[in-house]
Amino acid sequence: MRERIGARLGSAAPSKPLPAPKRSKVSLSRLIEAARTDPGKPGTPQSYGAGVRIVETALIDEGLLSKTRLDGHYGTDTIDAMSKWQERCGYRGRKPGQAADGIPGPDSLAQLAAKHAFDVEA
């Protein structure tokens, strides 16, 4: 396709293929730390912003988190959304009827990452 477009525009096609796009990476340990310590009040800095925003975007795409909560803070709404995701993955709380805790674990985060094209680091 590039060759055809290049021929029409009168320019040569690139000599080598473009590199594959880089996938975003999320640190599980930093995400857990954010979930336990970053309540995220409006106007406060985002200490774990990039990884949290990637996860929040995936949770929004799953219909578990409101777009208005995409703020880079792992606050109560993000914990609730992750809890719902964990329950979709088959996880529950320690007691019967108890909801999942919303703190990301390696399996539930890996399933979210696989579905939404990001990588998980330890």
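Every number here is computed from the coordinates shown, using simple stated rules; none is lab data. Just so we're clear, the structure is a prediction, and the values are computed from it rather than from any experiment. Counting neighbours? That spans all protein chains shown, and the Cβs are built from the backbone with ideal geometry, glycine included.
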- prompt: Which one is nearest to Arg30 (Cα to Cα), of the residues in segment 49-65 that are touching a residue at least 12 places away in the same chain (Cβ under 8 Å) and among the small types (Gly, Ala, Ser)?
  reply: Gly51
- prompt: From the set of residues in segment 70-94 that are among the small types (Gly, Ala, Ser) and more than 17 Å from Ile54 (Cα to Cα), which is nearest to the chain's Cα centre (by Cα)?
  reply: Gly90
message: Return the residues of segment 86-115 that are under 13 Å from Leu59 (Cα atoms) and in contact (Cβ under 8 Å) with a residue 60 or more places away in the chain; say none if nothing qualifies.
response: Gly102, Pro104, Leu109, Ala113
- prompt: What tally of residues in segment 72-108 results from selecting those that are aliphatic (A, V, I, L, M) and touching a Leu at 6+ places or on another chain (Cβ under 6 Å)?
  reply: 1
